[in-house]
Structure formats: C-alpha cells, structure tokens
Amino acid sequence: MKEYFLILLTTVLVNNFVLVQFLGLCPFMGVSRKLETAMGMALATTFVLTLSSALSYLVNVYILQLLGLEYLKIIAYILVIAVVVQLTEMFVHKTSPILYRVLGIFLPLITTNCAVLGVALLITRQDTSFMQAVTYGFGASIGFSLVMVLFAAMRERITVADVPEIFQGSAIALVTAGLMSLAFMGFAGLD
Amino acid sequence: MSLNTPTSPHIHDDTSVTKVMLRVLLALVPAIIAYSWYFGWGLLINIAIAATTALACEYTMLMLRQRPVAPFMTDGSIVVTAILLAFCIPPLAPWWIAFLGTGFAVVVGKHLYGGLGYNPFNPAMVGYVMLLISFPKEMTTWLPPNLVQDLNFGFLTSLNAVFTGNLPAGFSLDGITAATPLDLIKTQLNQDITITETKNSYALFGDFGGIGWEWIGNWVFLGGVWLIYKKVINWHIPVAVLGSLFVISLVFFLMDADYYGSPMFHLFSGAAILGAFFIATDPVSAATTPRGRIIYGIGIGLLTYIIRVWGGYPDGIGFAVLLMNLAAPTIDYYTQPRVYGHKRK
C-alpha cells in the first residue's frame with residue numbers, strides 16, 4: 001500500500017511530468033487558454049494515459065518479451081497509444097460533440113503527446129509489476145491534469161492583466177509555466 | 001437642484017493603496033527592530049539594498065512600459081515587497097543576493113504581468129524561491145542569534161562583510177554562521193538523532209522555538225494582529241495558515257515526539273508567522289472569496305509542514321505560498337459565493 005502511495009506522490013508532485021520533467025508541453029501550452037477545454041483535455045489525457053500504460057505493459061511482457069522483440073517497443077507502443085486515442089476520440093465524438101469540436105486537432109494529437117509515450121517507456125525501464133505500472137500511468141495523468149487545470153485558471157486571469165505588449169500570449173504563459181516549475185521544486189526530496 | 005444619484009458605494013472608507021502599504025510598513029517596524037536586536041545590522045543593510053534596487057527596477061520598468069511613474073513609485077507597495085524579501089535573506093549575505101532577488105521579483109514577478117494588482121505570484125516569494133534554488137549556499141548561511149551581544153559586530157563591520165565579504169581578523173564566515181533550528185533538526189534527524197537529544201546538545205533552542213526566532217515571531221504576530229484590527233487584512237488567511245500548521249504538527253507530535261517537532265516549535269521558528277500575516281495575505285495573489293481564503297490558508301499551512309518535515313528544504317513557507325498562489329484562481333473559480341436570491345450551483 002505504501003509503495004503505491006509513494007508512486008502516486010512521486011508522479012503527481014515530485015516528478016510531475018509537465019513541470020519537473022518537461023514532457024507533454026504541447027497540449028499544456030496549446031489547450032490551456034480556457035478552463036473548460038483544459039478540463040476536457042485533462043480528462044481525455046487521463047483516460048488515454050492510464051489505459052495506454054496498462055496496455056503497453058501487457059504488450060511488452062506478453063508479446064515483445066516472449067518473442068524477443070524488445071527493440072520494437074517504440075513502434076509497438078505508438079501503435080497501442082494510437083489505438084487508445086482513436087477509441088477515446090470516437091467516445092468523445094459520440095458523448096460530447098461540443099467538447100469534440102472544442103478540443104479539435106488536439107484530441108488526435110494526444111497520440112503525439114510525448115508524456116504518453118514517455119510514461120510507457122519509463123515504466124518499461126523501471127521493470128515494475130502490472131499494478132505498479134497502472135498506478136504510475138494514473139499518477140502521471142493526475143499530475144498532468146492537476147497542473148493543466150491550475151494553469152488554465154491562471155491564464156484566464158492573466159488575459160485580463162495589463163501585460164506588456166511584447167509579452168502577451170505565449171510568452172507570458174511560458175514565464176508563468178517557468179514560475180510554476182520553480183514552485184514545484186519545493187517538492188524536491190519529498191519521499 | 002441636482003437630482004442625479006451617484007452609484008454605490010455611498011459610504012466609503014478613506015483608504016488608498018498608499019495608506020494600506022504604509023500601515024503594512026508600520027506593522028513591520030516592531031519585527032524589524034526585534035530582528036536587528038538579535039541578528040545585527042544585516043537586515044537593515046539588506047532592506048536598504050533591496051529597496052533601492054526595487055525602486056530603480058520599478059522606475060525602469062514603468063518608463064519602458066510608458067506608464068505613469070510618480071503614482072506607482074510613491075504608493076509604497078514596492079517597498080513592502082523589498083522589505084519582505086530582505087527578511088528572507090540571511091543577514092550577512094553578499095550584496096548581490098538582495099540585488100538579484102529584488103530585481104527578479106520586481107521585473108519578472110511583477111512587471112511582466114502588468115505591475116501592481118496583476119501579479120499572480122507573490123513577487124517577494126518569487127524572488128526568494130529563485131534565490132534559494134540558485135544560491136543555496138549563500139541563502140542558508142544564517143547567523144546564530146545574539147550575535148550582536150557576543151561578537152560586537154558594529155554597523156561598519158557588517159557593511160564591510162556584506163559588500164566585500166571580508167570579516168574582521170580572527171573571524172571566518174564558516175566560523176560564525178550556524179544552522180537555523182529548523183535546519184539543524186532536519187540534518188540531525190537524518191543521522192538518527194532525536195529532537196530531544198538535539199535540543200539538549202545545542203544552545204539554539206529557547207522556551208518554545210529557537211532562541212531569538214521565537215521573540216521575532218511574537219513581534220511579527222503583534223504587527224499582524226494590528227493589521228487585522230485596522231482591517232488591512234482579513235482574519236481568514238492567517239488563522240487558517242497557523243491553525244492548520246498547529247493541528248497537523250500537534251497530530252504528528254502526539255504520535256512521536258522524538259521525530260516530529262512540537263506545534264509551538266513549528267509556529268515560532270522559520271517564517272511561519274511572517275508568512276501567515278504578511279506574505280500569504282497579499283491581496284493580489286491570494287484567493288479572494290471567504291471560503292476560498294480558508295482553503296488557501298489551510299493549503300499553505302499543510303504544504304509548509306509537509307515540505308519542512310519530509311521535503312528537501314528546511315522551511316517551506318516560500319514554496320507553500322507560491323504553490324497556493326498558483327492554485328488561487330482555481331480555488332476562486334470553485335468557491336464563488338452564492339448571489340443573493342440564487343441557489344448555490
């Protein structure tokens with residue numbers, strides 16, 4: 001039990017994938033202008049990340065390692081992730097057409113979210129059990145969602161601020177992300 | 001006969017940013033005196049460096065952004081930022097520490113976001129955390145309390161030490177500096193030495209906190225209570241910060257007094273009280289709804305304890321404030337008060 005708690009703590013706060021490991025920055029910058037779309041994106045990514053980390057673990061252990069094909073793992077993982085994203089896309093399209101339209105290109109682009117592939121590869125490298133792999137993926141996605149939502153609420157506030165012209169838009173968003181990352185360094189050594 | 005009615009508010013208090021900031025400055029005076037009593041001239045020198053840098057940066061940025069200079073320079077808000085940052089810097093730290101920290105705080109923490117009233121992070125804590133991460137050695141060389149009485153460091157000696165790094169013959173910086181009580185307990189616990197043993201073998205601990213620190217805490221507390229009385233700050237945030245810190249440290253203290261410091265120790269060492277009354281209550285970067293303020297304060301108290309006890313840094317106030325600053329817009333979003341006549345969503 002304590003082990004799973006530590007995995008969650010590490011992936012959500014201490015080694016947060018966005019603010020500490022700098023993975024998955026494209027959706028973090030791209031879809032965080034509005035709180036509601038950010039939440040949709042966070043939910044979709046949570047779903048994809050957890051499922052893909054479980055599936056890629058199974059693919060690795062029961063197909064690649066059995067056949068001695070570990071060198072194919074990047075291609076195999078990308079295939080798994082693409083399938084999960086396709087599934088999510090069809091699901092969102094049916095259940096919430098508005099969210100589907102709002103997320104637009106960023107929904108299929110979860111496939112290229114480096115955090116998703118990064119989590120799958122990190123799990124393989126750490127040689128975990130199945131449940132640990134799922135916890136790891138879930139923690140990573142919760143960490144992603146947390147900073148995504150906080151960042152979006154912050155950006156909504158910054159859009160009404162009197163930001164100097166040359167810093168408006170992505171520039172001030174990157175500065176904010178940097179300061180958030182500075183704050184998250186406070187969790188360093190927490191274990 | 002004029003019949004037009006002006007819009008509300010019809011009764012208003014005669015306050016302004018300048019007045020609020022002057023009251024905050026006044027409330028800090030007892031703390032500054034107490035701090036200087038225990039740690040010498042260093043704080044005043046740091047305040048001077050920080051305030052000068054802050055005013056210079058403020059002026060440059062206002063000119064670059066083509067905003068009115070006079071009202072923003074004289075409202076005092078930037079001096080408050082500078083003084084709060086100076087409180088976080090060790091007394092004999094080299095001059096460029098205060099200089100860099102204040103510059104970063106004013107330019108990045110404040111003016112890139114549009115200046116007074118727009119900064120999402122507390123500028124003083126942005127500067128402090130940047131310094132702590134970039135210059136850990138300079139930022140942790142604290143002096144033992146009672147330095148003034150024991151070593152007789154005068155104003156000129158301190159000034160010399162800050163600007164040139166030279167100490168009078170027979171002294172070395174490593175020789176006179178000492179860990180803060182929070183720092184000491186942390187390093188000792190890592191070597192399996194319990195708090196009781198540490199307290200008995202080092203003369204850094206007073207009646208409830210660290211020697212000196214506890215009394216500085218009391219004077220800061222006095223200033224903070226006066227601010228609440230004058231309605232400059234609300235009671236929600238300080239009570240929530242100190243209350244949650246007290247409760248969580250009490251729980252762990254009762255579980256294992258050898259490993260976890262007592263609630264009084266946690267409240268009266270480090271920057272807990274200063275943080276609760278003067279830093280967390282920054283009206284711009286804090287949560288603004290009443291329920292939101294309570295959540296925000298509890299968050300700071302808990303995060304401070306977590307970072308102090310299990311984290312890598314001895315004091316967590318700076319990080320906790322920044323972390324809750326970044327959560328404040330979300331907290332506000334979810335705690336909007338019910339509009340009269342409407343049901344809660």
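Annotations for the structure displayed:
- Of the residues screened, B:ALA31 is not one that is crowded, with 17+ Cβ neighbours inside 10 Å, modelled with pLDDT of 90 or more and closer than 17 Å to B:ASN160 by Cα.
- Members of the range A:19-37 that are out of contact with any Lys or Arg (no Cβ under 8 Å at 6 or more places or on another chain) and surrounded by 24 or more Cβ atoms within 10 Å (Cβ to Cβ): A:LEU19, A:GLY24, A:PRO27, A:PHE28, A:VAL31
- Which numbered condition A:GLU156 fails, given (1) acidic (Asp, Glu); (2) without any contact (Cβ under 8 Å) to a residue 60 or more places away in the chain; (3) within 14 Å of another protein chain (Cβ to nearest Cβ): (2)
- Residues of the range B:218-260 classified as in contact with a Lys or Arg (Cβ under 6 Å, 6 or more places away or on another chain) and either among the aromatic types (Phe, Trp, Tyr) or under 19 Å from B:THR304 (Cβ atoms) (or both), total: 2
- Those residues of the range A:58-104 which are among the charged types (D, E, K, R), surrounded by 14 or more Cβ atoms within 10 Å (Cβ to Cβ) and over 25 Å from A:MET41 (Cβ atoms), in sequence order: A:LYS73
One line per residue, one yes/no per condition, for (1) crowded, with 22+ Cβ neighbours inside 10 Å; (2) within 14 Å of chain A (Cβ to nearest Cβ):
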position	(1), (2)
B:ALA82	yes, no
B:PHE99	no, no
B:THR102	yes, no
B:ALA105	yes, yes
B:LYS110	yes, yes
B:TYR113	yes, yes
B:PHE121	yes, yes
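- Residues of the range A:159-175 that turn out to be facing chain B (nearest Cβ under 7 Å) and part of a helix (DSSP H, G or I), as a count: 3
- With a requirement of 1 or more residues that are more than 20 Å from the chain's Cα centre (by Cα) and not assigned by TED's automatic domain parsing to the domain that holds B:VAL321, the helices (runs of 4 or more DSSP H) lying completely within the range B:35-120 that satisfy it span B:42-64, B:69-74.
- So A:THR135, is it out of contact with any Gly (no Cβ under 6 Å at 6 or more places or on another chain) and surrounded by 16 or more Cβ atoms within 10 Å (Cβ to Cβ): yes
- The range B:59-73, residues that are within 14 Å of chain A (Cβ to nearest Cβ) and either surrounded by 14 or more Cβ atoms within 10 Å (Cβ to Cβ) or in contact with a strand residue (DSSP E or B) (Cβ under 7 Å, 6 or more places away or on another chain) (or both): B:THR60, B:MET61, B:LEU62, B:ARG65, B:ARG67, B:PHE72
- Number of the condition not met by B:ASP207 [criteria: (1) surrounded by fewer than 19 Cβ atoms within 10 Å (Cβ to Cβ); (2) modelled with pLDDT of 90 or more; (3) of a type outside the set (A, V, I, L, M, F, W, C)]: (2)
- Within the range A:179-191, the set of residues being more than 7 Å from chain B (Cβ to nearest Cβ) and surrounded by 13 or more Cβ atoms within 10 Å (Cβ to Cβ) comprises A:SER181, A:PHE184.
- Condition met for B:LEU143 (at pLDDT below 80, in contact with a Pro (Cβ under 6 Å, 6 or more places away or on another chain) and over 22 Å from A:MET185 (Cα atoms)): yes
- Yes/no for A:SER145 being more than 8 Å from chain B (Cβ to nearest Cβ), assigned to a helix (DSSP H, G or I) and crowded, with 18+ Cβ neighbours inside 10 Å: yes
- Of all the numbered requirements in (1) at pLDDT 80 or above; (2) surrounded by fewer than 16 Cβ atoms within 10 Å (Cβ to Cβ); (3) hydrophobic (A, V, I, L, M, F, W, C), B:PHE135 misses one, and that requirement is (2).
The values are calculated or read from the model by the stated rules, or taken from the named source; none is laboratory data. Since the structure is predicted, the reported quantities are computational estimates derived from the model, not experimental observations. Here Cβ is always computed from backbone atoms with ideal geometry, including for glycine, and neighbour counts include all displayed protein chains.
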